[in-house]
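Before any comments, here is the structure.
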Amino acid sequence: MSDDPTPSPDTGDASDTYPRLAARTQRFTLGEPRDVVVSPDGRRIVFLRSRGGTDPVNCLWVVDAATGEERLVADPVVLLSGRDEDLPPEERARRERAREQAGGITAFATDGDVTVTAFALAGRLFVGGLLSGSARELPVAGPVFDPRPDPTASRVAYVNGRLLCVGELDGRWRLVAGGEPDEPETVTWGSADFVAAEEMDRFRGYWWSPDGSALAVTRVDTAAVQRWYLGDPADPATTPQELPYPAAGTANPDVTLHVVGLDGSVVDVEWDRDTFPYLVDVNWSDAGLLMTVQRRDQRAVEIRRIDRLTGASELLAEDHDDTWVELVPGVPRIGPGGVLVTCADRDGARRLLLDGEPVTPTDLQVRSVATVDGPGIVFLANALDDATAVQVWRRDIDGTLTALTDEPGMHSVAAGGGTVVIRTATLDEPGGQWSTLDGVELASHAARPPMRANVTLSFGGERRLATALLLPRDHDGSALPVLLDPYGGPHGPRVVRSHNAHLASQWFADQGFAVVVVDGRGTPGRGSAWERAIHLDVPTPVLDDQVEGLHRVADEHAGALDLSRVAIRGWSFGGYLAALAVLRRPDVFHAAIAGAPVTDWRLYDTHYTERYLGDPGEHDAVYEAASLLPLAADLTRPLLLIHGLADDNVVSAHTLRLSSALLAAGRPHEVLPLVGMTHMASDEVVAENLLLHQLDFLRRSLDRSRDRGDGDYGSP
């Protein structure tokens with residue numbers, strides 16, 4: 001396929017408002033390189049990118065790491081001949097778990113040398129040559145999901161419904177796992193189960209052997225998992241979707257691992273599945289086949305090496321923690337010389353370990369590991385006392401520890417063969433820029449936001465809470481109504497040195513609010529004790545820190561914040577926090593917008609919920625204290641509940657049960673159902689109008705609060 005000229009960044013129509021443009025550009029992410037992969041020889045950089053800032057269709061590109069020459073490998077519009085993409089259900093589920101909103105090529109895999117790639121479009125299998133710069137379809141039986149070339153580039157494995165298949169490069173295909181006549185429909189081969197994809201970031205269910213002769217394959221049986229049903233209330237004729245959902249305290253799917261040879265052999269992998277039921281990670285390299293398994297209470301993890309011929313597994317390393325063992329992306333891996341590379345919390349910080357010995361200092365919090373190869377280990381970390389900036393580090397074979405970035409900002413990295421490609425995002429400039437250490441840049445066509453974020457970051461108080469304050473660009477110093485805009489929970493930092501992370505907050509600020517964002521205890525990056533402060537008591541520390549951060553910012557900016565008009569909004573965990581705020585602290589918060597909130601933790605999934613709250617059978621009082629339902633009668637402030645009715649992560653029953661409890665208690669509130677929407681408000685019109693509706697609610701509610709002073713709202 002010949003190279004095509006690339007258009008200039010698409011900024012949309014000049015009359016577009018921020019809500020409209022943010023929706024159309026998917027929050028200004030379209031047109032920027034993503035899913036960057038570097039070949040092991042360091043010569044090629046492969047990535048996805050759409051052609052412009054409002055184009056949702058990702059193409060596959062390759063760049064020469066030495067010259068910066070860019071080539072288009074695969075254009076979905078050409079490959080599909082303009083036909084619409086019809087996604088199989090497995091791909092729709094993967095995109096929901098990954099919070100994927102774009103179209104076209106949204107995932108790809110490569111062979112070991114990164115010379116051949118495979119990807120799926122509309123349930124069809126395509127392969128591309130990263131040296132030739134061309135792509136073609138392999139006409140195998142489908143629908144095709146999660147295709148992956150073997151390391152030798154001889155064939156491609158893929159999932160077809162409940163089965164795992166292998167396609168040859170001439171289009172022939174065969175079944176390699178599943179499909180036994182007596183196998184129940186609750187069994188799937190080669191796919192990740194719900195909690196693995198949603199909570200462990202394990203989105204795949206099979207792994208090739210280095211020589212391409214066999215695969216390690218998961219078998220998932222959801223027979224024991226309770227069934228929930230998601231219908232479409234707007235279309236009563238639609239059959240509800242059956243969803244195996246493992247809620248806290250209930251049965252998980254039965255997950256096993258098997259070594260399946262292309263010669264038809266099947267070897268069952270053995271480990272103590274009763275004690276360690278969670279299969280967290282699998283890695284198959286020249287150093288051997290590894291798996292990571294975790295206890296259900298998540299206080300212990302084992303790393304085991306598997307004998308591919310017998311299925312027996314031996315313990316290589318283990319980790320224990322009295323609260324939980326954190327899972328770190330990118331490890332474990334076998335490094336040069338056979339060293340085992342892991343990460344674990346030691347002496348108050350998450351540290352890089354080589355054969356069990358910490359090799360990073362206690363003032364550095366490791367966030368993820370990008371690559372483990374000959375030149376060294378490349379990883380992301382932040383200073384323990386400042387999680388607002390994440391830097392790229394390298395630990396060389398000789399033990400030298402080097403910071404590859406030092407600019408205050410949020411960095412991402414991909415590396416291979418000595419080539420390191422880094423994305424840098426700062427507060428000073430919109431978006432982010434990918435470039436190699438040698439200065440080769442990956443072109444971005446992302447739209448530029450219509451305004452600049454006016455952010456002031458600060459730390460303060462006994463716990464040095466990180467806070468961000470955003471004021472209107474033309475603020476005259478007068479007292480403004482306040483909007484807290486947090487996430488506030490695990491794995492969700494909001495106070496970061498990245499311009500675009502604050503755009504929605506800035507838009508609210510420009511509508512006449514002082515917007516405050518607080519990252520309190522439980523948010524990532526500030527060390528072991530900080531993250532574990534929410535164990536068995538999620539609501540108290542996260543809410544206390546929001547209140548403390550608000551009051552500190554108000555003291556530091558005397559006269560700028562009107563504390564008699566304070567609102568809070570949030571989504572998912574942030575939605576839980578927003579509703580919690582007006583229910584527990586109406587003396588501080590005068591209105592709340594709770595989007596897709598968890599209202600009863602017994603309705604949320606096992607792996608996430610039990611990590612923080614324990615087994616509900618053993619900690620009923622903990623769950624009761626964390627639930628919003630018993631607090632319904634305490635509502636004295638305006639509350640807007642928003643929920644997608646097709647949400648299969650935080651199901652809409654959360655909002656409906658809270659609304660029912662509020663109604664039973666005689667407490668007025670508002671509910672905005674999003675028909676057909678999942679946990680993501682991905683529709684452009686819905687996303688735009690959702691922001692406008694929230695603004696209207698805030699203005700109505702805070703004006704009402706000002707008019708009545710501190711009087712009660714909605715008393716029976």
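The values are calculated or read from the model by the stated rules, or taken from the named source; none is laboratory data. In this text, all values refer to a predicted model and were calculated from it rather than measured experimentally. Neighbour counts are summed over all protein chains in view; Cβ atoms, including those assigned to glycine, are modelled from backbone coordinates with ideal geometry. Side chains included, ligands, DNA and RNA excluded: accessible areas come from the protein's heavy atoms. Shrake-Rupley method; radii C 1.70, N 1.55, O 1.52, S 1.80 Å.
Details
- 12 Å beta-carbon shell around Leu561, net charge (K/R +1, D/E -1): -1
- Inter-part distance, region 348-419 to region 578-643, computed on C-alpha centroids, equals 36 Å.
- A Cβ-based charge dipole, computed about the Cα centre of region 300-387 with Lys and Arg at +1 and Asp and Glu at -1, lands at about 440 debye.
- Spin-label model distance (nm) - Glu70 vs Ser134, 7 Å beyond Cα toward Cβ: 2.3
- Dipole magnitude for the chain: about 1100 debye, using +1 per Lys or Arg Cβ and -1 per Asp or Glu Cβ, origin at the Cα centre.
- Selected from Trp208, Val220, Val421, residue furthest toward positive end of dipole (the chain; charges at beta carbon): Val421
- Surface composition of region 472-574: carbon and sulfur make up 49 percent of the accessible area, probe 1.4 Å.
- Taken along the Cα-to-beta-carbon direction at a fixed 7 Å, the label points for Glu180 and Ser435 span 5.7 nm.
- Contact order normalised by residue count of region 267-414, Cα under 8 Å, 6+ apart, percent: 12
- The local environment of Arg162, defined by Cβ-Cβ distances under 9 Å, has a net charge of -2 under the rule Lys, Arg +1 and Asp, Glu -1.
- Overall, the accessible surface of region 98-146 at a probe of 1.4 angstrom is composed of carbon and sulfur to the extent of 51 percent.
- Over region 408-567, accessible surface divided per residue gives 33 Å², non-protein components excluded, 1.4 Å probe.
- Dipole of the chain, positive direction: furthest Cα of Gln511, Val496, Gly103, with charges on the beta-carbon: Gln511
- Option label - Cα Rg over 2.2 N^0.38 Å computed here, alternatives (i) 1.26; (ii) 0.95; (iii) 1.40: (ii)
- Coordinate range of the alpha-carbon atoms in region 93-219 per principal axis, descending: 42, 34, 26 Å.
- Remark: region 277-370 carries 40 Å² of accessible area per residue (probe radius 1.4 Å; ligands, DNA and RNA excluded).
- Of the trypsin sites (Lys or Arg not before Pro) found in region 556-590, none is in coil by DSSP with at most 16 other Cβ atoms within 10 Å of its Cβ.
- Residue range of the chain that is longest and free of GluC sites (Glu not before Pro) which are both DSSP loop and sparsely packed (at most 13 other C-beta within 10 Å): 186-461
- Unit charges at the beta carbon, dipole of region 571-711: most positive-side option, Ala591, Gln694, Met680: Ala591
- Spin-label model, Leu315 to Arg452: label points 7 Å out along the Cα-to-beta-carbon direction sit 5.8 nm apart.
- Relative contact order of region 231-282: 21 percent, from C-alpha pairs under 8 Å at least 6 residues apart in sequence.
- Calculated [θ] (222 nm, deg cm²/dmol) that DSSP helices of n ≥ 4 give over the chain, each run adding -39,500 (n - 2.57): -5000 deg cm²/dmol
- Expressed as a whole percent, the accessible surface of region 196-287 that belongs to carbon and sulfur atoms is 47, based on a 1.4 Å probe.
- Local net charge near Ala23, Cβ-Cβ under 9 Å (Lys/Arg +1, Asp/Glu -1): 0
- Percentage relative contact order, the chain, counting C-alpha pairs under 8 Å, at least six apart: 10
- Dipole check for region 194-330: with +1 at the C-beta of Lys and Arg, -1 at the C-beta of Asp and Glu, and the Cα centre as origin, the magnitude is about 220 Debye.
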